[in-house]
Amino acid sequence: MSRHPTLKWAQRGDLLYITIDLPDAKAVNLKLEPEGKFYFSATSGADNIPYEIDINLYDNVNVDESKASVGSRNIVYIVKKEESKWWSRLLKQEGRTPTFIKVDWNKWVDEDEQDDKAGPDMDYDDVNFSSLNLGGGGGGEEEEEDFDDEDEDESDTATEEEKEEETINASSQVEAKAKA
């Protein structure tokens, strides 16, 4: 019997963001149908444990304008909705949502806030998914900044000494006024 990986989702008026958390997924099979049927299967781990998700999305989708990316830690699917409208839930069937489906709070934007950009990393319209390294770890080299700690420490020390001297002067003035 197959297991269910965690599926996280978020939406905009015209898009649905689906992220399947499954590190080292192999033999990934993704299928999306216009009427909203979403199917995922893969194996993972040293024992090639099978994972599967078979759900019916709330409404119809545009398969041709949807995009998927398989990374080393997760599978990201950006699904274009057939109609640009807010869905009341992810699944067609009502009732309790399965435990493996969770809201992706990192991508979530409320319906009344969707016109405001959630951040620079949320605009996926012009992204070439084949060039992404979704899943983190490795890839490009990062430049290290060289900080000269000695200069900063000296300036911080001088500032601390000045503050301490001002405090002593201020308390001396208060004492002098109290005696007068």
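The values are calculated or read from the model by the stated rules, or taken from the named source; none is laboratory data. Computed from a predicted structure; not experimentally measured. Because the Cβ atoms are built from the backbone with ideal geometry, glycine has one as well, and the counts that use them run over all protein chains shown. These accessible areas exclude ligands, DNA and RNA; they are computed on the full protein's heavy atoms, side chains included. Shrake-Rupley method; radii C 1.70, N 1.55, O 1.52, S 1.80 Å.
Some notes on this structure:
- Residue match in region 95-112 (condition: surrounded by 15 or more Cβ atoms within 10 Å (Cβ to Cβ), closer than 22 Å to residue 28 by Cα and without any contact (Cβ under 8 Å) to a residue 40 or more places away in the chain): no
- Within region 13-108, strands (runs of 3 or more DSSP E) holding 1 or more residues that are over 21 Å from residue 3 (Cα atoms): 15-21, 61-70, 74-81
- Of all the numbered requirements in (1) open to solvent by 70 Å² or more (accessible area, probe 1.4 Å); (2) of a type outside the set (A, V, I, L, M, F, W, C); (3) farther than 29 Å from residue 111 by Cβ, residue 31 misses one, and that requirement is (3).
- Residues of region 34-51 classified as touching a residue at least 40 places away in the same chain (Cβ under 8 Å) and either surrounded by fewer than 19 Cβ atoms within 10 Å (Cβ to Cβ) or of a type in the set (Lys, Arg) (or both), total: 3
- When restricted to residues that are open to solvent by 30 Å² or more (accessible area, probe 1.4 Å) and not in a strand (DSSP E or B), region 1-12 contains 3.
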